[in-house]
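Notes follow once the structure below has been shown.
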Amino acid sequence: MYFQFPQSQSQLRAPRPAGPLVQAPPVLLQNQYEPVQPHWFYCKEVEDKQIWMPFSILDSAKLEEVYNSGKSVVLSTDGGRYDVYLYDRMRKAVYWEEEPSEVRRCMWFYKGDKDSRFIPYTEDFSDKLEAEYKRAVTTNQWHRRLEFPNGETIVMHNPKVIVQFQPSATPDEWGSTQDGQARPRVVKRGIDDDHDEIPDGEMSQIDHLVFMVHGIGPVCDLRFRSIVECVDDFRTVSLKLLQTHFKKSLEEHKVSRVEFLPVHWHSSLHGDATGVDRNIKKITLPSIGRLRHFTNETLLDILFYNSPTYCQTIVDKVGMEMNRLYALFMSRNPDFKGGVSVAGHSLGTYRRN
């Protein structure tokens with residue numbers, strides 16, 4: 001049997017690859033720390049409960065950019081309907097009266113047994129948690145018990161399992177309280193799991209403006225929601241229709257969104273200027289108070305509209321409010337060239353004619 005050996009070093013070289021060389025991805029170390037991506041939230045009161053709502057991805061990115069620049073500016077969000085005062089951490093409505101809401105740069109969240117959604121920690125507390133998390137990752141030391149001055153305890157078992165304990169003063173079945181008794185909370189870092197549920201954001205260009213005039217009473221549906229909340233639903237449905245029925249035209253920038261603005265008139269009729277509520281209260285019987293209050297707030301609006309004394313007051317208020325909204329809208333959207341429409345609900349349909 002004969003073996004043939006190569007005669008030169010060139011024959012010992014490795015075979016050349018058939019395709020281009022592809023660089024292997026870097027190996028991620030187990031203790032490599034990656035900073036959390038903050039997201040901005042605002043506090044909204046729904047049915048006497050405070051709920052933290054996320055800004056859209058577009059608005060949160062703009063807020064984070066301004067925050068990192070160190071500038072103290074007022075930033076327009078929610079399609080231009082709200083302004084965020086970054087230094088004060090406040091969100092204020094532009095076109096209607098509404099209580100300012102708190103704004104927060106969020107990184108860490110918690111959820112208790114009775115909470116339906118995660119609640120963000122304060123910014124200072126989140127910074128402390130992030131610093132402790134970074135230390136645990138880089139040193140690979142877990143199962144750490146963190147005690148805070150407010151009595152709360154955070155236990156970091158691993159990057160995915162973090163819990164919070166609070167001292168509880170709830171008496172047991174014997175009527176006594178146990179020192180150190182705690183209720184665990186689930187703690188979460190970042191919003192990666194909920195990223196798909198956050199809206200992308202509204203485009204700045206507006207094709208059409210619609211004024212929505214409400215009907216009788218201060219509420220607009222059986223859920224006793226205000227005109228602002230109901231108009232928000234119209235706007236949400238309109239944005240979904242753009243994605244489902246006009247997606248191609250939207251991507252080609254042939255169409256843009258429709259803006260809906262609520263027109264309030266009820267407060268002008270029932271305010272101190274007319275004295276209507278004071279006079280009605282004098283002749284309202286004390287029995288079945290809720291029913292009589294509902295009647296005074298809603299059904300009497302029909303009689304007021306048929307009254308020569310108050311009918312013109314309502315019509316004038318609707319006209320002045322639409323003129324005010326349009327002037328304010330144009331000052332914030334000077335390039336707007338679209339059309340304007342008026343929509344009404346219930347008694348509001350008569351006032352737009």
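Scanning the range 339-349 for residues that are surrounded by 15 or more Cβ atoms within 10 Å (Cβ to Cβ) and either out of contact with any Cys (no Cβ under 9 Å at 6 or more places or on another chain) or at pLDDT 90 or above (or both) gives Val342, Ala343, Gly344, Leu347, Gly348.
Residues in the range 79-133 that are of a type in the set (Asp, Glu) and closer than 30 Å to His264 by Cβ were compared, and the one that is nearest to the chain's Cα centre (by Cα) is Glu102.
Yes/no matrix, rows are residues, columns are (1) more than 29 Å from Val74 (Cβ to Cβ); (2) modelled with pLDDT of 85 or more; (3) in contact with a strand residue (DSSP E or B) (Cβ under 9 Å, 6 or more places away or on another chain):
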{"site": "Thr244", "(1), (2), (3)": "yes, yes, no"}
{"site": "Lys248", "(1), (2), (3)": "yes, yes, no"}
{"site": "Leu261", "(1), (2), (3)": "no, yes, yes"}
{"site": "Arg278", "(1), (2), (3)": "yes, no, no"}
{"site": "Phe294", "(1), (2), (3)": "yes, no, no"}
{"site": "Ile302", "(1), (2), (3)": "yes, no, no"}
{"site": "Met322", "(1), (2), (3)": "no, yes, yes"}
{"site": "Met330", "(1), (2), (3)": "no, yes, no"}
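On the stretch given as the range 106-155, residues that are crowded, with 19+ Cβ neighbours inside 10 Å, in a strand (DSSP E or B) and not β-branched (Val, Ile, Thr) total 5.
When Phe148, Phe165 are checked against the criterion of being at pLDDT below 95, in contact with a Pro (Cβ under 8 Å, 6 or more places away or on another chain) and over 21 Å from Tyr67 (Cβ atoms), Phe165 stands alone in meeting it.
Checked against (1) under 30 Å from Ile227 (Cβ atoms); (2) crowded, with 16+ Cβ neighbours inside 10 Å; (3) modelled with pLDDT of 95 or more, Gly201 passes all but a single condition, namely (3). Of all positions in the range 206-214, at least one carries a residue that is buried (at least 18 other Cβ atoms within 10 Å of the Cβ) and modelled with pLDDT under 90.
Every test in (1) of a type outside the set (A, V, I, L, M, F, W, C); (2) without any contact (Cβ under 8 Å) to a residue 24 or more places away in the chain; (3) assigned to a helix (DSSP H, G or I) is passed by Tyr87 save one, and that test is (3). One residue stands out among those in the range 38-51 that are of a type outside the set (Val, Ile, Thr) and at pLDDT below 95: the one that is surrounded by the fewest Cβ atoms within 10 Å (Cβ to Cβ), which is Asp48. Restricting the range 61-70 to residues that are without any contact (Cβ under 8 Å) to a residue 12 or more places away in the chain and over 17 Å from the mean Cα position of the chain (by Cα), which is farthest from Gly201 (Cα to Cα)? Result: Gly70.
The values are calculated or read from the model by the stated rules, or taken from the named source; none is laboratory data. Given the structure is predicted, the values throughout are model-derived calculations rather than measurements. Every residue, glycine among them, receives a Cβ derived from its backbone with ideal geometry; neighbour counts consider all protein chains shown.
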